[in-house]
Amino acid sequence: EDPSSSGSTQNSVAPELPGFYYDPEKNRYFRLLPGHNNHNPLTKDSIQHKAMECKRLRLLEEEEKQKKTTRAGLNSSVLLQKRQLGLLSSTSYCRLVHELKVNCMQRRKIEIHSPDSSVAGTNNFKIIVADVACERIFTVNDVEHGGCKYGIINLSGLGKESLTVEMYDNLYFTNRKVNSVCWASLTHPDSHLCLMGIAETPGCASLLPASLFSSTNPGDRPGMLCSFKISTAWSCAWCLNPQADNCFSTGLTRRVLVTNVVTGHRQTFGTSSDVLAQQFATQTPVLYNGCRSGEIFGTDVRQRNRKGQSCKATRLFHGSAVTSIHLMEAEHYLMAADMAGKIKLWDLRTAKCVKQYKGHHNEYALLPLHVNEEEGLLIAVGQDCYTRIWSLQDAHLLRTIPSPHASSKDAIPSVVFSSRLGGSRGVPGLLMAVKQDLYHFSYN
């Protein structure tokens, strides 16, 4: 059972009374007092937070004692034997193997080294994003005096024995709040970074060379390739389709802006809502957008947006603001998550939802989805700070991982999953960045 979704377990013990809460430890009711101040311990929020913290600590204790393994009868030798005897289909066997691997993942802390001793471990991680080969991750860290600091972590030091990484920091751009980041391939694969955020008012969009983050002489470093002010920016996406080469998209308030960074040409598509999530297709010149209104639509970026004409091709609808979208590899299906905690898999050919992945928790945050089709896994971090892993095939929740730190709004983990962390010869696993720490969960 998902530990964070069982918040109403006290109702099965004692009936809920308006204005009171039931303490199972003391086996009695206590009056809920009005107000939300620190001097009043009996507010609804404080009681819920205490209950969630107790669950988190219990789960962490179970994992440290290695009680969190697998369900009864699930081990590699039994699965292999059943497969050889023809008692398990290939699809069932693969799903059970993934469940076994996911439930056996154990947390280990990673040592972060840096040429500048003041860089590592001084600021809280906000976002981590891996490049295509998972050789590097780009990090956005909150700075105490406001804004964000950027860095790149080289994962080549990740090995089976030692867990160390090198972090390179860029001290030139530290005063911007970042809403969205993606890797861009301009001069060569993953050579640049698209940054979207709010500088002050209006917002700012930037294309930043990844070579800025290196140990070379600062005088040899290139400047920003592209930077311009716009209205509030929510999302960004880089296009890898040759029919719209060297372009990136910016999701703004009630419009989409597609920019060619070589020619400087910009194309604007009007929308009826803020665009919170974006992704380009690679087989067709289509940009998919997820909106605050709950609408998901695709638009052909080759067309000219004329007055009175709709730019929307495919149209799907969620009941709440769409926070993340992921186009599957064959581009027939699209995964989407919203602010009601719903995760749905849509068939783009029929415009129908074909699967739902239950257990995710979200109320208002822009939380990303992580899909790994090679391993058949879906990963999402909830606003309750739990990391959940589902089977892509049958939407079964395989594991719920508690955060190593106490749950809070500023401590929601950011994760990356790959079969090859550190490159083609890298180690498989889940990277989790939370507060000032980086953790590795082995997957083998």
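Annotations
- Each residue of the range 148-156 was assigned a 3J(HN,Hα) from its phi angle through the Karplus expression (A = 6.51, B = -1.76, C = 1.60, θ = phi - 60°), giving 9, 10, 10, x, 10, 9, 8, 8, 5 Hz with x at Gly and Pro.
- With both labels modelled 7 Å from their Cα along Cα-to-Cβ, the E111 to Y364 distance reads 4.2 nm.
- Kirkwood Rh and Cα Rg combined as Rg/Rh, the range 300-444: 1.02
- Integer Hz, Karplus 6.51/-1.76/1.60 couplings in order for the range 231-244, x for Gly and Pro: 6, 3, 9, 10, 8, 8, 7, 9, 9, 9, 7, x, 6, 9
- By definition, a body whose alpha carbon gyration tensor gives a ≥ b ≥ c is oblate when a/c is 1.5 or more and a/b is not larger than b/c, and the range 397-436 fits this oblate description.
- Gain upon complete extension [R304, S191; 0.36 nm per residue less C-alpha separation]: 37.7 nm
- Top positive-direction residue, dipole computed over the range 300-444 with Cβ charges, set H440, S419, I379: I379
- Residues whose amide H comes within less than 5 Å of that of A277, counting only those at least five positions distant or on another chain, are G290 (H built at 1.01 Å from N in the peptide plane).
- The H on the amide N of A237, modeled in the peptide plane, is under 5 Å from the matching H of S249, each at least 5 residues off or on a different chain.
- Part-to-part distance (alpha-carbon centres) for the range 336-362 and the range 78-104, which is given in Å: 27
- Taking label points 7 Å from Cα along the Cα-to-Cβ direction, A51 and H265 give a separation of 5.8 nm.
- Projected label distance in nm at A133 and E331, using a 7 Å step from Cα toward the beta-carbon: 2.5
- Estimated vicinal HN-Hα couplings, Hz - the range 322-328 in sequence order (Karplus 6.51, -1.76, 1.60; Gly, Pro = x): 7, 9, 7, 10, 9, 7, 6
- Only Lys, Arg, Asp and Glu carry charge here, each on its Cβ (+1 for the first two, -1 for the last two); on that basis the range 258-402 has a dipole of about 640 debye about its Cα centre.
- Annotation: amide H of C182 within the under-5 Å range of C194, sequence separation 5 or more or interchain, hydrogens built in the peptide plane.
- For the range 299-426, the solvent-accessible area of protein heavy atoms averages 45 Å² per residue (probe radius 1.4 Å; ligands and nucleic acids excluded).
The values are calculated or read from the model by the stated rules, or taken from the named source; none is laboratory data. Not measured: the values here are computed from a predicted model. Note that we place each Cβ from the backbone using ideal geometry, even for glycine, and neighbour counts take in every protein chain shown. Side chains included, ligands, DNA and RNA excluded: accessible areas come from the protein's heavy atoms. Shrake-Rupley method; radii C 1.70, N 1.55, O 1.52, S 1.80 Å.
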